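Heads up, the thing below is written out as structure tokens.
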Amino acid sequence: MKILKGFSKLSSEEKRRLAVSSCADPEAAKEELESFIHPDPDIQQILEGISENTVSNYPLPYNVAPNFIVNGKQYMVPMVIEESSVVAAASSAARFWAARGGFHAQVESKTKVGQLHFLFAGDHNRLNAAMTEIEAFLLNYVAPVTRNMERRGGGIRQLQLKERSDILGNYFQLLATFDTIDAMGANFINSCLEEFAEGLKAFFKDTEDFHADDFEPLMAILSNYNDKCLVHVSASCKLEELEEATALLSARDFARRFVMAVRIAESDVYRATTHNKGIMNGVDAVILATGNDFRAIEAAAHAYAARSGQYRSLSTATIENGIFTISLKMPMALGTTGGLTRLHPLASRSLEILENPTASELMRIAGAAGLANNFAAVRSLTTTGIQSGHMRMHLSNIILQLKTTPEETEKIKARFEDKKVSYQAVVSYLEKLRTP
């Protein structure tokens with residue numbers, strides 16, 4: 001085994017050669033990687049600058065889902081995802097609800113959380129008693145960092161001291177809440193928290209009854225569990241308006257089965273996990289398309305789903321007084337300025353397609369996409385079954401994988417127009433086509 005040193009300093013060409021050295025045909029593999037390099041050198045430079053040790057690009061389909069109406073405004077929603085059934089489901093559900101008033105969404109809060117974790121070996125009572133003094137000192141200490149954000153209407157909203165000696169001896173947290181307006185704000189939050197660590201050190205050094213040696217900073221980092229940065233999305237209609245939802249059931253029967261399915265997801269972790277994955281299909285696709293951090297949103301969503309001590313559905317469904325309602329509440333810390341949102345050309349274009357939304361508007365749109373996919377998935381599960389539509393959408397992928405001719409492709413599509421799709425069934429039919 002050879003340990004590579006200085007790999008990041010090599011040219012892209014050298015990195016590619018080393019990356020494919022274990023492939024069966026290194027030269028062909030290198031050429032394939034090079035084929036995905038953007039033809040515009042300026043754009044490629046941006047893409048390489050975004051990450052580290054870039055040897056190529058990994059394209060994913062850039063899709064749009066039309067007919068999304070959120071709070072009375074119509075959107076063409078960009079979605080980056082490799083699964084065609086997700087886009088089809090979002091589009092179908094958006095069209096269905098557009099005829100029934102669309103989605104209604106509100107942002108309940110937009111504050112984000114960061115923590116300075118530290119040990120304090122001094123007098124705990126003295127530390128708690130000095131918190132008002134400490135807060136004033138720290139806010140003044142970080143003023144150079146917060147000034148620009150405050151001019152835009154954001155900044156630090158609250159500082160709170162938490163003693164957590166139940167976890168570690170002498171362990172404390174300085175819990176800070178922030179409003180970063182239309183920026184996701186990770187860099188701003190982390191910069192403030194690191195300044196807090198320096199500020200506390202200065203405070204303890206210069207304040208009577210405190211000693212700098214009693215203070216040991218451990219970590220300064222934002223939390224992705226933004227349980228105060230919430231979006232709530234819902235859609236509702238009269239029961240009789242569900243007649244078009246499926247031809248297999250009456251509107252009342254469909255609603256009854258739908259509500260029962262969601263109730264199961266509220267209590268059974270096996271079902272809840274897949275149920276919430278269906279929601280994140282829509283949410284993540286919008287987040288990727290707009291250059292936001294889908295891993296952070298995933299982490300927050302699943303933590304929020306387990307906030308009661310049991311992992312549960314993020315969505316609910318009810319029938320009350322003849323009205324069917326589906327709703328979704330989840331944390332979603334998004335940004336529309338800074339980071340990749342404006343640096344990545346397609347992320348910037350996505351925001352333009354969405355008519356340059358604020359962070360709150362983008363939260364509402366992404367939440368609507370999540371609820372649309374959730375409605376479509378549960379509708380399929382409680383009526384035709386998930387595989388019917390999913391495999392029909394997957395047929396194109398099977399055809400691509402089998403490298404069929406145009407004539408064979410048309411015959412396969414015609415053959416499976418009204419039949420169940422499976423990989424083996426398509427292979428068998430193709431073999432018959434190719435047998436004289």
In whole Hz, the Karplus estimates of ³J(HN,Hα) for segment 17-27 (6.51, -1.76, 1.60; θ = phi - 60°; x where Gly or Pro) are 4, 5, 5, 9, 4, 8, 6, 4, 10, x, 5
Any residue on another chain or 5+ positions along whose placed amide H is under 5 Å from the amide H of Val64 is listed here as Met79
Other residues with Cβ under 12 Å from the Cβ of Ser236 give, with Lys and Arg +1 and Asp and Glu -1, a net charge of 0
Listed residues Leu351, Leu18, Leu159; largest mean-square fluctuation, Gaussian network over the chain with Cα springs below 10 Å, found at Leu18
From the Cα centre of segment 7-85 to that of segment 312-334, the distance in Å is 35 Å
Candidate cut points under chymotrypsin sites (Phe, Trp or Tyr not before Pro) in segment 1-67, DSSP loop plus at most 12 other Cβ atoms within 10 Å of their own Cβ, are Phe36
For Kirkwood radius over Cα pairs in Å, with candidates [x] 21.9; [y] 25.2; [z] 26.9, the value calculated from the shown model is option [y]
Note on segment 390-434: alpha-carbon gyration tensor, axes a ≥ b ≥ c; rule is a/c under 1.5 for rounded, else prolate if a/b larger than b/c, else oblate; result rounded
Given pairs Lys112/Lys329; Lys110/Lys162; Lys228/Lys329; Lys228/Lys277 and cut-off 18 Å on Cα-Cα distance, the over-length ones are Lys110/Lys162; Lys228/Lys277
Relative to the chain, whose Cα atoms define the longest principal axis, helix 84-98 and its Cα axis are tilted in degrees, nearest 10, by 90 degrees
Full extension between Ile323 and Arg157 adds, at 0.36 nm per residue less the Cα distance, a length in nm of 55.8 nm
Heads up, segment 7-50 by the C-alpha gyration tensor (a ≥ b ≥ c square roots of eigenvalues; a/c under 1.5 rounded, else a/b over b/c prolate, else oblate) looks oblate
Measuring from the longest principal axis of the C-alpha atoms of the chain, the long axis of helix 269-289 (C-alpha) lies at a number of degrees, nearest 10, equal to 80 degrees
Ranked by GNM mean-square fluctuation in the chain (Cα springs under 10 Å), the top entry among Ser348, Ser165, Ser91 is Ser165
Taking Cα atoms, the helix 406-415 axis meets the longest principal axis of the chain at an angle in degrees (rounded to 10) of 90 degrees
Within the set Glu361, Glu82, Glu48, GNM on the chain using Cα springs under 10 Å gives the largest fluctuation to Glu48
Taking a straight Cα-to-Cα line shorter than 24 Å from Lys5, and setting aside same-chain lysines fewer than 8 residues away, one finds Lys15, Lys30
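Each value in this text was obtained by applying a stated rule to the coordinates, not by laboratory testing. A quick note: this is a predicted structure, and the numbers were derived from the prediction, not measured. In this analysis, Cβ positions are derived from the backbone assuming ideal geometry, glycine residues included, and neighbour counts consider all displayed protein chains.
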